[in-house]
Amino acid sequence: GGGVDDSPGTTGLLIGSDSSLDQISQEFQLLGKLGNSLDWQLGLYYLDEDGSQSYTGAGGFLFAEESNSQTRSYAVYGEGTYQLTEALSVTGGLRWTKDDKDYQISCTGIFCQGGPVDLNENWDEVTGKLAVNYQLNENQLVYLSFTQGYQSGGFQSLCFGDLTAACAATPFDPQTVDSIEAGWKADFFDNRLRFNAAAFYAMYNDIQQVVTNNAGGFPT
């Protein structure tokens, strides 16, 4: 539960939060080799997640949010590494991800605005990878890669009773990133010393960040 904090040296509002989450995920992989030049991998991934949360201020007098969420996520991917020469190889891969999310939230208390909210959103994304590896010698490898990442969108919670479009009623978009990386991996002194170095540059789009907002909760 929540209430006004009257402990010495502290002021403000105590927040109560109680949550539960049930999740199951499964991944299947198939790996193989084609001749002496191509190593390949195929995969399937599935996630099923159900969660609930109660979020209160001042023991529910100011607000008491009750939310439920359901997530179904699916992915199919493939990757292959082709050995062009004994020293030079190229790796390429693709992944398709689909997320289906449902969200329900209601609120009681004097701070509550809007609602109840019942939302459903679907997002999907294709991401890829391309890398070049060069074996300088038996103990040293250099590489250059371009990879893409994806994090699904979602729904606002912890809204301090604001169930309007300013918080709970507005989903946030997926986050994506394109990353370029170059690196060097080396073993020295009969493998007694390992040295790895990498430099990368990541370019985010629709980056997800939580905002601390005393007037309107913690929107993403």
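Things worth noting here:
- Extension gain, SER106 back to LEU34 (0.36 nm per residue minus Cα-Cα distance, nm): 20.4 nm
- Centre separation in Å (Cα based) which lies between the range 133-163 and the range 14-56: 16
- Placing a label point 7 Å from the Cα of GLU86 along the Cα-to-Cβ line, the residues of the range 120-142 whose backbone N sits under 16 Å from it are 134-141.
- Whole-Hz ³J(HN,Hα) from phi, Karplus 6.51 cos²θ - 1.76 cosθ + 1.60, for the range 142-155, glycine and proline x: 10, 8, 9, 9, 10, 10, 10, x, 9, 10, 5, x, x, 10
- The listed peptides 34-44, 120-130, 164-174, ordered by packing as a protection proxy, come out as 164-174, 120-130, 34-44 (highest mean of other Cβ atoms within 10 Å first).
- Note on ALA165/VAL76: beta-carbon distance plugged into 1/(1 + (r/R0)^6) with R0 of 25 Å gives a FRET efficiency of 0.10.
- When the chain is treated as a GNM with alpha-carbon contacts under 10 Å, the residue of THR85, THR176, THR108 showing the greatest mean-square fluctuation is THR85.
Every read-out reported here was derived from the displayed coordinates using simple, explicitly stated rules and does not represent laboratory data. It should be emphasised that the depicted structure is a prediction, and the values quoted were computed from it without experimental measurement. Positions of Cβ are generated from backbone atoms using ideal geometry, with glycine treated the same way; all protein chains shown enter the neighbour counts.
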